[in-house]
1. Would the stretch 56-79 turn up any residue that is of a type in the set (S, T, N, Q), touching a Leu at 6+ places or on another chain (Cβ under 9 Å) and open to solvent by 60 Å² or more (accessible area, probe 1.4 Å)?
2. Which of the residues belonging to the stretch 35-81 are over 11 Å from the mean Cα position of the chain (by Cα) and basic (Lys, Arg)?
3. Checking the condition in contact with a Gly (Cβ under 6 Å, 6 or more places away or on another chain) and surrounded by 13 or more Cβ atoms within 10 Å (Cβ to Cβ), which residue from THR88, THR150, THR131 passes?
4. Which residues, taken from the stretch 136-145, are in contact (Cβ under 8 Å) with a residue 24 or more places away in the chain and open to solvent by 30 Å² or more (accessible area, probe 1.4 Å)?
5. Kindly establish whether THR31 is within 15 Å of PRO110 (Cα to Cα) and either more than 12 Å from the chain's Cα centre (by Cα) or free of Cβ contacts under 8 Å to residues at least 60 places away in the same chain (or both).
6. Tally up the residues in the stretch 11-47 that are surrounded by fewer than 18 Cβ atoms within 10 Å (Cβ to Cβ), in contact with a strand residue (DSSP E or B) (Cβ under 7 Å, 6 or more places away or on another chain) and either among the basic types (Lys, Arg) or within 21 Å of THR131 (Cβ to Cβ) (or both), please.
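The values are calculated or read from the model by the stated rules, or taken from the named source; none is laboratory data. Predicted, not measured: the structure shown is a model, and the values here were computed from it. Using ideal geometry, Cβ is built from the backbone for each residue, glycine included, and neighbour counts are taken over all protein chains shown. Heads up: the accessible areas ignore ligands, DNA and RNA and are worked out on the full protein's heavy atoms, side chains in. Shrake-Rupley method; radii C 1.70, N 1.55, O 1.52, S 1.80 Å.
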Amino acid sequence: MDKKEQYRELLLQLSGLIQGETDETSVMANTAALIHQTFHFWWTGFYRVVNGELLLGAFQGPVACYHIAHGRGVCGTAWAERRTQVVTDVEQFPGHIACSSESKSEIVVPIYNKEHEVVAVLDIDSEKLGTFDATDQEGLEAVCQLLTETIYQ
């Protein structure tokens, strides 16, 4: 099964898994687990906007940073610029926050509420360079849109 097919299957599974659920933490926990289990990424999780910063949420993988400032690192940049960040080599990203030296590439997708404010980001790291591409961006943006429709409406 190619990556596009994996994302199609993941979206179908996720839709059924979170249908009717409204608790942010529960939905994010199962979403992170499903993505992590499907693709075997090194770190898969969420940071939520809380009191003007990104605060660590549900995740799968090794321990992570608790707090990220607006505009700082890949996650803070995705929040500030309100767009997905695809980073082939985190060492080349200005201001990268090294929660772990194991992280080599990263993708961060903003999640919006019904007012189109960023309320969280989906952050995924790989221990390999160049893991993420346009297919990942499209698939993960669809995942985040589903979360918006499920828990932020």
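1. no
2. ARG72, the sole residue that qualifies.
3. THR88
4. Of everything in the stretch 136-145, those that are in contact (Cβ under 8 Å) with a residue 24 or more places away in the chain and open to solvent by 30 Å² or more (accessible area, probe 1.4 Å) turn out to be GLN137, GLU138, GLU141, ALA142.
5. no
6. 1
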